[in-house]
Each structure stands twice: as structure tokens, then as C-alpha cells.
Amino acid sequence: MSTSLEMKNIQKFYGPLHVVKDFDLHIQPGEFVTFLGPSGSGKTTALKMIAGFETPTSGDIFLGKQSIVDLPAYERGIGMVFQNYALFPHMTVAENVAFPLTVRKAPRQETREKVDRALQLVKMEQYGGRYPNQLSGGQQQRIALARAIVFNPSILLMDEPLGALDRHLREHMKIEIMRIQKELNVTVVFVTHDQDEALTMSDRIAVINEGRVVQVDDSKSLYGKPKNRFVASFVGESNMLPCQVERVENGAGNVTVAGIAPGVAQLTGQSGGDRGWLFVRPEHIDIGLRRPSPGPVNALDGVVENALFLGEMTRYLVRCGDETITVKQQNRGLGHFPGGTQVTVSWKPQDCTILN
Amino acid sequence: MNNLLENPWIRGAIVSAPLLILLVGFLAVPLSYIVWGSFEGSKFNFSHYARVFASETNLNILRYTLRTGLIVTLVSLAAGYPVAYLLTKLKSRALSVVSVFLLIPLFTAFLIRTYAWMVILGREGIINNALIWLGITKEPLTLLNTTFAVVLGMSHVFIPTAIFTMYSAMVRIDHDVARAAQILGAKPVQAFLRVYFPLTLPGVFSAGILIFISAIGFYITPALLGGPSDTMISQLIVAQMTTLLNFEHGYASSIVLLLVTIAVLFIASLFIPLEMIWSSSTVAASDEKPRLAARLFKKVKRAVDPVLSVTETTVHAATRPLLTRSAAWLWAYTIVVLVFLTAPLIVVVILSFSSSPFVVFPPPGLSLQWWEKLANATDWHRSFFFSVQLGIAAACVATIIGTMGAFWLVRTRFPFKKMLFLFALSPLMVPVVIIATSLYVFEARLHILGTFGGLVMGHVLLAVPYVIVVMAAALRNFDPSLEPAAAVHGARPLQTLRLVTLPILKPALLTAGLLAFLTSFDELLVGLFLLGRQTPTLPVKFWGDIAYQIDPLLSTASTLIVVLVTASIITVQFIRDRHNTRISQRIAE
């Protein structure tokens, strides 16, 4: 049973400090939404307000149709996985998982069945008698997850749950969490500062910066069509080149890039004469030996400053006048350009956007 | 020299020798004297034990001692628990302020605190005067020399201990655990009873044991606040050794007290690791199976589950309107406790400015007459300087011996390490009255009774465990890669010690030294027995004057001592804070 969650114009002040601003978000039942932002951006405060550990200064939060701002945490019926798991060290794994049912005074038989099912779901059924400090980090993570879902919560909150795991385990747990979420069809709010986690797991990502929701979109749109420079630089790697819009033609803009080269790019509401930044992803840039005359548009001449071989791809830093452009090229038997090579970099008009 | 130091056995022997000599020579041997003497050595005459248990009076004293110990323990734990809990939630600045209010009573001599209660509870004391003024009673009530006074005075002594011991265990419990319980559906009272409280039980238990074994060997407070029917076993021992001169009987009583203490500690060791009682930081998070306590607790929990549920529901219904996030009531309660702890000291301070020749509160007027008297009282001056001298000597010796011992106990690997650590703390386990009497007998044999050296050794013995606890904790937190780093850069072992190890340990050394000094400065019983014909130490002088007459001069002397102790605590706290911020800033950079 999954529920929608709606946050309406939430404000949160700590004294004079405005940590969450105009927070508006509607999460569909069964949706997996990630709060992504740098540390100190207010994403954890937003999560704490959903959980009931903080009270919003103003605004309202609805779980389904019910406003929950005045409900204490224990009456909200929300499941939560904590960053450090917060397993109860004096209880066995089974007692930990049973805890939400015990405090709700569920019948013993029903409790046992539900605990078994939850432990099965996280593949930890043979560990019920152990104590948390006898488990590895990944296993503790699974128990925390089992404890959070055992009572069929209407919504599941996860506060940087993968932060304490090593890289390999993290990859594995990502897939596990997604599997369990699909299996239970539960609404999930996931908080992280790691863009890889956000991009892989979420149906939608809310990028948060300085207490404000900057953009809410699915992974592809967020990566391909960031709304502003913060999102573009925070999610994935990007090149930002200063530019000026000359004219608007057929919805696309004719621009001058870095004051020298002509270009064509997609606009986000700019008109002729505006200054802005041309945004293009490193993997959308082609690199080739210097041609006598550069292409008509979206091409710059430069010198390879640095070529880093990364296995599946090579990462070039190319100096073009005052700008340094990052290029990522798949290693598929194409040419390799060592440092000092004179090159031309170019990109397609549909792969670049002007941002304010 | 350096070659010799590289041999771990030789190094271990050098570092451990002073501590072992002290513990064996001044604790184990004197105690075995007492044991030996209690059955008159090779005569194996156990009649003295028979007399201890045959006399109804003695049995009553034993029973009364245990009962008072238990009541005081429970009162201190119950009063201290909420305060300790609040402390875990405080940020560093507020924590410093509140802990200064707790540290001052903690480090004010038992004698002064007890004297304050004599002033408050006396016939002309605040309580009686207030009751008469309010018209509740006509005649002053007899509050002094009652069991009530003893329990009140002793609880006042032990509440700060309870708070700090429980706090040091509680502070390591993640508050997220309680939060997790609530978001998972536990009502606040459920989260407390099922999650937080069980996790704090080991801390509560170790505080309880600490207080109980200190309380049953306590001397000053029952002697001054209790009536004839409130005699505790340590008073019996002192009376037998000093006025009745019935030594064998005194030995036998001491052994009975010692055996009770050992029995309590043995039972405690079934539930918690014993070293946790004195230094919680030494107990690493263990992977071992939960101890008997946890298993027992589980059984109890299953048995009381229905009761628990009912309690939860009623308490929840009752407290629901009180539950605010600001924890205002917790603050109110803490302030009440802090006032209870500091008010007696404030009474003493005010009294020192009294214009009356008698101990009357509130004083009829203000004057500096008592301060002038103190300024001219050469006997007080001599006592003060003698105590300072003694304290400094004892603190220096104890800090050196204790630090070396802590290095040895923390840094070297050998079997029975835990046992040896406990042995090093044993002067804290043996009731002071027994240490005092055994040293008295032992030093008389060695003909060092009544010498300055003999007195210093007695105080060193009492102070060394504190030094070891502080230094062992500091050494365990010491980054183990720093010393190899110094060596790699060319420092010889002694240079490493001088340039790297000791400077980093400076705040801990300072704390340890201060604790050792205060232990000696406040010590009465050992001083009383070992002093001989020397100038009386400040507590001994104080003790003599209280027994002789209570006048505001004692308040004046107390005030001076409280001010000095407070100043030194704040100074050390300040130096520690500065050191810590400097180090953390360096890390931040």
C-alpha cells in the first residue's frame, strides 16, 4: 500500500538562518524520489521534517490526504533507514525487525510471520538470532531496511543509507533496494549527495541547493536538460563556455562562443543580445586533428594540455584561448592525441544549451 | 642506555616497578597484616569474628550500614539519571557551564559539604527558621542527628558521582537509536523503556555499584549528621582502633566490611566488566555475547511484559501533554538538582560574612569579622600550608607513578592485563577506613608513622588510581602512528617522549595531577591515622574544630577552600578546552 506525499510551501528557520525555502514537491504513490544536493543544502532537514524530528516553520506536509505536521513521529507510520543504521544493539536481529510490530502490540504469531517475510526479502533469514555488532556493515544495512519495511509503512525514508559501505557493496545494495522497492511498490524518499546513486535509482530527482528545490526531473532530463548552471555542474561533468546570443532563429540561437567562434545552440528563454553560458557535456564533444579551416559552427581550435587514459575512455583537457574544455572519448580504436597536439573540438547544435 | 631501553622486558620492569611496589608494599602487605592480625596470626583465634556476629549491636550496625548504602544509592541514581540524560543532549558550551556546577560540589571536600548540612539542618538552621517563620511549626524540629540527615548528606555527596558515571556511559549511546524507535512507531515512553533505558542499564548499574561500595565504607557524613542509632561500620572500626583500642576486634570488623565489598564487586562482575565502574572509556565495544545481565534482563522483560504494556499506556496518556520538543521540564528538573547541589555551598559562603558570633542563618548582619579572624589565625595558616605542601608532594609522586603505570598497562601486552588493571584500581575498591587502619598498623611497624613521607605515601596510594584512570584513557586515544613518525624522523625514544608524547598528553597530565592534589587535599581518615605529631592537615584541623564547636570561622575557611578549588577546576577546564580547540583547528586546517 503506497501513499502520495505532498510538501506545500515549506519554510524552515533556525533562528535567523533560513535553511529550507519555498519547498514544494508532490511525490506520487510508489514513486522513488531522491533529494540530491551538496552537504548543508537542507536536504536532510527536509527529510527530518517528513519524519517528524523537525517542525516546519510554516507550510504543510500531506501523507495521502492527511496533514502530518502536527503528528508526532511515532504516529506517522513512516519507515526510515538511518545513515548509521541505528540498530538497537541490545536486541537480536529478529527483535530489531520485530520492534515496530512489538510497539504496536501486534499478535505474536503475526509478528513472527512478518519478521520472517521481511528477513527473507533482504535475504537475511538465517541471521535472526545474531546481535547487530556481530554483523558486517552491509548486513546491518539489510536489517535496517527490513526493520523499516516490516510494518508496511506507507512511505519509506532513507538518509544516505549507502554512505558507510564500500564501493562494491554499494553497487550491490543499490540494485537490492530497487528490487525491494519494486516488489513492495512502496513510496521512497532517498537522500544522498552522490549523483551516481541518484541517477541510477530514482524515478525522479529533486536537486536541492541552499535550501531550495532547484529542479525536479527524471534522471535523463536532469542530465540532458539541466535548468541552470548549478544543476549542470552538480549532476555529471560539464563544460560551461561564456557566450552571447546574437539572433534567435527557428527557436535555436545563433551565438558567439568565448568571444571568437560562431555557434548554434538551444535556448532556455533567452533573446537576442543576452549573455549566458553554453553548456555541453564532455562526451558530446568530438575531438580531431586540427583542420585547416574549422567547421562553420560549434567548433574551436585548441591544444591538448593533458590526456588521461581511464580504461574505457580517454579524458582530454583542451586549451582553447582562455577556456579549458573537457572532452571524453570512448577508446574504440580511434586516434589518440598526446599532450601538445593541435586539435579541433566540435559538437552538435542539439547537444548544447544556453543557460543563464 | 638506549640499547637497554629497547629490551621490552627491561623497559616493562622499569616502568611498572614503582606502581607494583606501591600496590604491594602499601596495600597488599598492610592488608595481609590486618587479616593475619584478625585471627591473632598463628593462633588462629577466630573469636573476634564470632564477637562481631554475636553482638546484636554490631549486627544492627552492619544491617544499618547496608540499608543506608542501598537507600543512598537508589536516591542518587534516581536523582541523577535525568540530569545525566540532559547532559548527553547539550552542546559543548552549555555542557561546560552545567558541568562546572556539578564539578564544584564534586570536588568540594566531604567535610565542608557535611558541615554545610549541619548548618542547614541545625536547630537554628535555615529549614527550622523557615518553618517557624512560616508558622508551620512552633518548636524547631530535630533534623540533625537523624537517619534522614545521613541519607540527605550522603546523597548530596554521591549525586554528582552518579551523574558523571552514568553520563560517561550514556554519552556513547547514539540518539538516533531513540529517534529510530519513534519513527518506527514507538511512543516516547516505549522508546525510552524498550530502547534507551535498557542501553543505559550498564552505566546505571556501574554507578550504583560505585556509590554502594563507597557509601558502606563512608565515615564523615554519618559521624557528623547521624545520631547514636545511625552508627555505620566504619565508625565502629575507627572507635575500636582509636578509643577502645581493641585492635583485633577492629581488624575483624574491617575484614567483614572488606568481604562485603568484595562480594558486591564479585556479583557486579557477573553483569558488567568491573573496570567499567571506574573508567568507562576503557571498555571497548565488545563482540562477546551479552553478559548474564542482558540474559537475565530478557527473562525479566518477558515476565513483566504485560505490566510494561499497561505502564506504557498509562504513562503515555499521562505525559502526552507534557511532551514538548524543548524538554523544558527536564531543564527545570536539572536546575532543581543543581540548586540542591550548590545551595549548601552558597549558605556556607554567606555565613562566612556573618556578623553573629553563632551559626545562625540567615545571618543578622554582614561583617568581615570572621575573615579578619581567619587572617590572624596562625593555626589555620599552618594547616593550610602543610596541606598544600602535602598535596603537591602527593600529586607529584602519584602522577609520576600513575603515569608510568598507565603506560605499562596500556602499551605492553601480557596475560592477565585486565586483572592487573583492576589491581591498580584496588585502592578505590577497598574502603578508605580499612586503608587508613592497615597503613596505621603497618607504618607503626616500619617506624615511619607520623613522618611526612609516611603521610605522603598514604595519600599517593589513594590518588594513584585516579591518575591511572585518566592517563589510561588518554593513552588509549593517543594516535599510535605519532611515535613511529617521530622515530622515523630521527628522534630517540626519550626525545620522542619529551617532544611528542608528553606534550600531547599535557591536558590529561594536568587533570590527573589536579585530581591527585584534590584527593590529598580533601582526605581526612588517612590523615587522621597517619598524622602523628605533625601539623594537622586542613581536613584534620577542620574535623577537630567541628567536633569542638561550630562557629562561622569554619564557614570562612570553607569558603576560601571552595574558591580555591573552583578556581583550579575552571583553570584546568579552560586549559583543556584551549588545547582541544587548538588541536581540532589544526585538523580542520
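The values are calculated or read from the model by the stated rules, or taken from the named source; none is laboratory data. Small disclaimer: the values here were computed from a predicted structure and weren't measured. Neighbour counts are summed over all protein chains in view; Cβ atoms, including those assigned to glycine, are modelled from backbone coordinates with ideal geometry. Just the protein is used for accessible areas: all its heavy atoms, side chains included, with ligands, DNA and RNA removed. Shrake-Rupley method; radii C 1.70, N 1.55, O 1.52, S 1.80 Å.
For B:Arg172, the solvent-accessible surface with a 1.4 Å probe is about 130 Å², rounded to the nearest 10. Counting only DSSP H runs of at least 4 residues, each contributing -39500 (n - 2.57), and dividing by the residue count of the protein assembly as shown, the helix-based mean residue ellipticity at 222 nm comes to -18000 deg cm²/dmol.
With respect to chain A, whose longest principal axis is taken over its alpha-carbon atoms, helix A:137-149 is tilted by about 70°.
Put simply, the Cα atoms of region A:180-314 extend 60, 41, 27 Å along their principal axes, the longest span coming first. Scanning residues 5 or more positions from A:Phe32 or on other chains, those with amide H under 5 Å from its amide H are A:Val188, A:Asp203, A:Arg204, with H placed 1.01 Å from N in the peptide plane. Per the Debye formula with a single identical scatterer at each Cα and no solvent contribution, what log10 I(q)/I(0) holds for region B:46-351 at q = 0.09, 0.11, 0.14 Å⁻¹? Taking Cα atoms of region B:46-351 as identical point scatterers yields -0.57, -0.83, -1.20. Remark: region A:237-355 is approximated by an ellipsoid whose semi-axes, taken from the C-alpha gyration tensor as √(5λ), come to 26, 14, 12 Å, largest first.
Scattering from the protein assembly as shown was approximated by placing one identical point on each alpha carbon and applying the Debye formula without solvent; log10 I(q)/I(0) at 0.05, 0.08, 0.10, 0.11 1/Å stands at -0.44, -0.94, -1.22, -1.35.
Using packing as a proxy for protection, rank A:279-285, B:310-316 so that the peptide with the highest average count of other Cβ atoms within 10 Å comes first.
Peptide ranking by packing, descending: A:279-285, B:310-316.
Buried accessible surface for the B/A pair, both sides summed and rounded to the nearest 100, is 2700 Å² with a 1.4 Å probe.
Ignore the peptide's own chain and count Cβ atoms of other chains within 10 Å of each Cβ in B:194-201; give me the average, rounded.
Details: counts 7, 7, 1, 0, 4, 4, 0, 1.
Partner Cβ neighbours, averaged per residue: 3.
Backbone geometry of region B:446-452 corresponds, through the Karplus equation with coefficients 6.51, -1.76 and 1.60 at θ = phi - 60°, to 3J(HN,Hα) couplings of 7, 6, 10, 5, x, 9, 4 Hz, x marking Gly and Pro.
Computed 3J(HN,Hα) for region B:185-196, one whole-Hz value per residue from the Karplus formula 6.51 cos²θ - 1.76 cosθ + 1.60 where θ = phi - 60°, is x, 7, 5, x, 5, 5, 4, 6, 5, 9, 10, 5, glycine and proline marked x. Distant-in-sequence amide contacts of A:Ile155, defined by a placed amide H-H separation under 5 Å and a gap of 5 or more residues or a different chain, comprise A:Gly79. What the Cα convex hull of chain A gives, in volume per residue, is 172 Å³.
Counting only the Cα atoms, chain B fills a convex hull of 205 Å³ per residue. Here is the list for region B:348-444: trypsin sites (Lys or Arg not before Pro) lying in DSSP coil, each with at most 15 other C-beta atoms within 10 angstrom of its C-beta, are B:Arg413.
Taken residue by residue and averaged, Cβ atoms of other chains lying within 10 Å of the Cβ of A:86-98 number 4.
Shown is the FRET efficiency for B:Ala491 and B:Leu446, computed with R0 = 56 Å from the Cβ-Cβ distance and rounded to the nearest 0.05: 0.85. At each listed q (0.15, 0.16, 0.25, 0.30 Å⁻¹), what is the log10 of I(q)/I(0) that the Debye formula gives for region B:449-510 modelled as equal alpha-carbon point scatterers? Those come out to -0.60, -0.65, -0.98, -1.16, one per q.
Would you work out what percent of the accessible area of the protein assembly as shown, with all protein chains in place, is carbon or sulfur (probe 1.4 Å)? Reported share for carbon and sulfur atoms: 63 percent.
Shown is the FRET efficiency for A:His284 and A:Ala164, computed with R0 = 35 Å from the Cβ-Cβ distance and rounded to the nearest 0.05: 0.50.
Averaged over its residues, how many other protein chain Cβ atoms are within 10 Å of peptide B:163-175's Cβ atoms?
The mean count of partner-chain Cβ atoms within 10 Å per residue comes to 1.
Each residue of region B:46-57 was assigned a 3J(HN,Hα) from its phi angle through the Karplus curve 6.51 cos²θ - 1.76 cosθ + 1.60 (θ = phi - 60°); the sequence is 8, 5, 5, 5, 4, 5, 4, 8, 7, 6, 4, 4 Hz, with glycine and proline shown as x. Annotation: amide H-H contacts under 5 Å for B:Thr146 (H modelled 1.01 Å from N, sequence separation of 5 or more, or interchain): B:Gly227. The heavy atoms of B:Val430 offer some 20 square angstrom of accessible surface to a 1.4 angstrom probe. By the scheme Lys and Arg +1, Asp and Glu -1, what is the net charge of all other residues having a beta-carbon under 14 Å from that of B:Ser387? Its environment carries a net charge of -1.
Round to the nearest 0.05 the FRET efficiency obtained for A:Asn250 and B:Ile267 when R0 = 56 Å and r is the Cβ-Cβ distance.
E between A:Asn250 and B:Ile267, to the nearest 0.05, is 0.05.
Largest first, the residues A:Lys328, A:Lys8 sort by 1.4 Å accessible area into A:Lys8, A:Lys328. Given +1 at the Cβ of Lys and Arg, -1 at the Cβ of Asp and Glu and no other charges, the dipole of region B:46-351 around its Cα centre is 940 debye to the nearest 20. Checking every one of the chymotrypsin sites (Phe, Trp or Tyr not before Pro) in region B:10-73 against DSSP loop status and a limit of 12 other Cβ atoms within 10 Å picks out B:Phe44, B:Phe46. For the protein assembly as shown, the antiparallel share of DSSP beta bridges with both residues in that region comes to about 75%.
Rolling a 1.4 Å probe over the heavy atoms of the protein chains gives the protein assembly as shown an accessible area of 45 Å² per residue.
For B:Leu245 and B:Phe414, the difference between the fully extended length at 0.36 nm per residue and the C-alpha to C-alpha distance is 56.4 nm. Pairs exceeding 29 Å between alpha-carbon atoms, taken from A:Lys43/A:Lys220; A:Lys48/A:Lys114; A:Lys21/A:Lys105; A:Lys12/B:Lys91; A:Lys48/A:Lys182; A:Lys65/A:Lys182: A:Lys21/A:Lys105. Solvent exposure of B:His175, expressed as accessible area, is near 50 Å², computed with a probe of 1.4 Å over the protein chains only.
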